[in-house]
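Taking it in order: structure first as structure tokens, then the write-up.
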Amino acid sequence: MSDFNVKKRVFGKLGIEVSSFGLGCMRFPMKDVDGKRVVDEEIAKKIIRTAADNGVNYFDTAYVYSDKQNEGVLGRALEDGYREKVYVATKLPLWECSGPEDMERVFEEQLKFLGTDYIDFYLVHALGAKRWEDAKAWGIHEFLDKLKAEGRIKYAAFSFHDNYEAFEKIINEYDWDMCQIQFNFMDVNNQAGLKGLMLAGSKNIPVVIMEGLLGGKLASAPDSVMKLYDSYSEKRSPAEWGFRWLCNFPQVSTVLSGVTSLEQLYDNMRIFSEADANAMSKEELDIIDKVREEYINRTKIGCTGCEYCMPCPSEVNIPRIFRIWNDAFQYSNDISGNDRYARLVREGHDASKCAQCGACEAACPQQLNIIEKLVQANKELV
């Protein structure tokens with residue numbers, strides 16, 4: 001008997017029922033073997049099969065995940081009858097190809113890795129405006145049509161990282177069966193955003209959500225945000241709040257969550273056994289709005305990343321420093337010892353290299369006190 005009953009949703013115009021929780025296979029636990037980082041296949045197999053036994057029927061992987069180990073791990077875990085119970089989604093990385101002939105080569109490799117003769121959802125990986133033009137030049141329409149006609153894929157899809165204008169162009173230029181976008185309550189107006197979700201919904205194209213917790217940043221919360229969550233009568237983790245907000249949209253078909261342990265899996269399955277569309281009250285939605293506002297208020301500096309300040313004569317990566325600083329303070333109680341900033345120090349592009357020449361401030365369209373803020377960022381991040 002299953003311990004959970006993960007809710008299913010009708011996958012838009014396809015009419016199939018897919019679990020509202022999709023297992024993201026990018027973050028399986030790793031271990032060292034003979035000096036090489038490899039997927040801990042024993043734990044990964046338990047995660048995959050436990051998920052499938054509890055109603056999860058959508059599994060998302062990609063050619064490049066875990067240094068090209070990931071598809072093979074998933075394929076072996078889906079032996080013994082599991083493959084027939086689930087939908088497998090994987091992705092075509094155009095950056096691994098030098099032309100149309102490489103798309104076929106990569107696809108054949110993927111079939112072997114997965115141990116299958118067909119793929120349910122085949123996504124063109126990480127499309128944006130430029131990559132889409134390259135894909136069209138290589139005949140991506142004809143390639144996907146051919147794979148579908150031959151029965152080697154069931155559904156043609158794409159994952160997306162760019163702005164709304166690029167999303168609108170891509171979704172309107174091919175008869176897509178599904179799309180995958182980055183979306184969470186902090187990204188309402190970023191990338192495809194809420195506008196993109198609604199556009200896909202209006203076309204009855206199923207939408208799979210990635211980065212639902214903003215790469216894990218929304219899985220925990222600083223004290224000021226936690227206070228807002230705890231004002232609600234029912235105590236929930238930040239992750240549960242984020243997932244429930246996504247499930248509230250009927251246009252969302254499946255939410256991906258990367259899992260590294262059985263404990264995380266159990267928690268996700270519990271949440272997605274309870275969360276449903278149009279289920280959040282006005283009070284709950286108001287709390288999310290207040291949380292979003294609090295995160296925005298925690299921004300250290302209003303840098304838009306326009307890069308008018310670049311290049312810096314001292315090779316200080318000003319926009320990257322401010323992005324790291326904002327992210328660190330927005331989503332954490334303790335920002336010192338930041339790993340991303342430590343990498344910048346090693347590269348020699350950190351704020352300590354600033355010569356205070358003032359060229360950046362003269363060029364900044366927002367007239368930010370860049371020199372003063374660089375000094376402050378360096379003190380707080382190291």
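The values are calculated or read from the model by the stated rules, or taken from the named source; none is laboratory data. What you see is a predicted model, and the numbers here were worked out from it, not measured in a lab. Glycine gets a Cβ as well: all are built from the backbone with ideal geometry, and neighbour counts include every protein chain shown. Calculation scope for accessible area: heavy atoms of the full protein, side chains included, ligands and nucleic acids excluded. Shrake-Rupley method; radii C 1.70, N 1.55, O 1.52, S 1.80 Å.
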Determine the gain in length on full extension of the stretch VAL10-ASP102; use 0.36 nm per residue of separation and subtract their C-alpha separation, reporting nm with one decimal. 29.7 nm
What residues qualify as long-range amide H neighbours of PHE21, i.e. H under 5 Å apart, gap of 5 or more or another chain, H built at 1.01 Å from N? VAL255
Here the net charge surrounding GLU168, from other residues whose Cβ is less than 12 Å away from its Cβ (Lys, Arg +1; Asp, Glu -1), is 0
Suppose we look only past 21 Å in the calculated P(r) of segment 1-78. What percent of the Cα-Cα pairs does that tail hold? 35 percent
May I ask you to list the residues of segment 1-23 whose amide nitrogen lies under 17 Å from a point 7 Å from Cα along the Cα→beta-carbon direction of LYS148? 11-16
For the chain, longest principal axis from Cα atoms; helix 318-331 axis from its Cα atoms; angle between them, nearest 10 degrees, is 70 degrees
Using 1/(1 + (r/R0)^6) with R0 = 56 angstrom and r between the beta carbons of GLU41 and GLU315, what's the FRET efficiency to the nearest 0.05? 0.85
Cys in the chain lacking any partner Cβ under 4.7 Å -> CYS25, CYS97, CYS179, CYS247, CYS303, CYS306, CYS312, CYS354, CYS357, CYS364
Over the chain, what percent of the accessible surface lies on carbon and sulfur atoms, probe 1.4 Å? 48 percent
If you roll a 1.4 Å probe over the heavy atoms of the protein chains, what accessible area per residue do you get for the chain, in Å²? 45 Å²
The Cα radius of gyration of segment 214-371, divided by 2.2 N^0.38 Å with N its residue count, comes to 1.29
Total charge of the residues flanking ILE209 in space, meaning their Cβ is under 11 Å from its Cβ, with Lys and Arg +1 and Asp and Glu -1, is -3
How much of the DSSP bridge set in the chain is antiparallel, in percent, rounded to the nearest 5? 20 percent
Please work out, to two decimal places, the log10 of the ratio I(q)/I(0) at q = 0.19, 0.24 Å⁻¹ from a Debye calculation in which every Cα of segment 224-310 carries one identical scatterer. -0.94, -1.21
Descending semi-axes in Å of segment 18-158, equivalent ellipsoid built from Cα gyration tensor: 26, 18, 13
Can you bin every Cα-Cα distance in the chain into 20 Å intervals starting at zero and give me the percent of pairs per bin, rounded to whole numbers? 26, 55, 19, 0
Where nothing but the Cβ of Lys and Arg (+1) and of Asp and Glu (-1) is charged, how large is the charge dipole of the chain around its Cα centre, in debye to the nearest 20? 320 debye
Take the alpha carbon atoms of segment 21-42, find their center, do the same for segment 279-317, and report the distance between the two centers in whole angstrom. 32 Å
Check cross-link reach from LYS169 to the aspartates and glutamates: straight Cα distance under 13 Å, and skip same-chain residues fewer than eight apart. GLU133
Of TYR118, TYR232, TYR82, the one that fluctuates the most in a GNM where the chain has Cα springs shorter than 10 Å: TYR232
Relative contact order of the chain: what whole-number percent is it, with Cα pairs under 8 angstrom and at least 6 residues apart? 15 percent
